[in-house]
Amino acid sequence: MALEFTDANFEELVLKSDKPVIVDFWAVWCGPCRQVGPIVEQIGTEFTDQAVVGKLDVDHNPEVARKYGIRNIPTILFFKNGEVVDKQVGSVPKQVLVKKLEAIL
């Protein structure tokens with residue numbers, strides 16, 4: 001399951017997390033985002049004890065998207081200890097995201 005990150009809860013759920021965090025920056029109108037969305041959900045379910053996984057709608061949460069320079073979506077940022085440690089832009093197979101997550105666990 002993927003959490004819903006917002007401008008309001010981002011600091012608490014992402015930056016202060018003691019686990020690695022995956023943030024999927026997306027929007028309703030974005031076709032490739034609809035391909036990545038179910039993959040992010042699966043990873044959230046599979047890694048529920050090891051990582052925090054969630055999605056942030058860039059149209060409804062422009063502050064966080066602007067802060068991290070999100071220009072293209074989907075963009076997936078990988079956080080560890082409140083810092084961005086990896087990034088993936090565009091739609092990719094699940095294994096690519098899992099490998100990046102496993103590298104920071």
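Worth a mention:
- Within the range 1-25, the residues that satisfy the criterion of being over 17 Å from residue 47 (Cα atoms) and in contact with a strand residue (DSSP E or B) (Cβ under 6 Å, 6 or more places away or on another chain) are 5, 25.
- Search result, residues across the range 78-89 that are in contact with a helix residue (DSSP H, G or I) (Cβ under 9 Å, 6 or more places away or on another chain) and either of a type in the set (A, V, I, L, M, F, W, C) or more than 22 Å from residue 18 (Cα to Cα) (or both): 78, 79, 85
- Scanning the range 40-50 for residues that are part of a loop (DSSP other than H, G, I, E, B) and touching a residue at least 24 places away in the same chain (Cβ under 8 Å) yields 47, 48, 50.
- Test for residue 23: is it on the phi < 0 side of the Ramachandran plot, buried (at least 16 other Cβ atoms within 10 Å of the Cβ) and either in a helix (DSSP H, G or I) or among the polar types (S, T, N, Q) (or both): no
- Scanning the range 19-38 for residues that are over 14 Å from residue 5 (Cβ atoms) and among the aliphatic types (A, V, I, L, M) turns up 28, 36.
- Test set (1) in a loop (DSSP other than H, G, I, E, B); (2) touching a residue at least 24 places away in the same chain (Cβ under 8 Å); (3) not polar (S, T, N, Q) - residue 53 fails condition number: (1)
- Verdict on residue 37 being touching a strand residue (DSSP E or B) at 6+ places or on another chain (Cβ under 8 Å), crowded, with 18+ Cβ neighbours inside 10 Å and in a helix (DSSP H, G or I): no
- When the range 20-50 is limited to residues that are among the charged types (D, E, K, R) and within 13 Å of the chain's Cα centre (by Cα), the one that is nearest to residue 94 (Cα to Cα) turns out to be 41.
None of the figures in this text is laboratory data; all of them are computed from the coordinates on show. Because the structure is predicted, anything quoted here is derived from the model rather than measured. With ideal geometry, Cβ positions are generated from the backbone for all residues, glycine too; neighbour counts draw on all protein chains shown.
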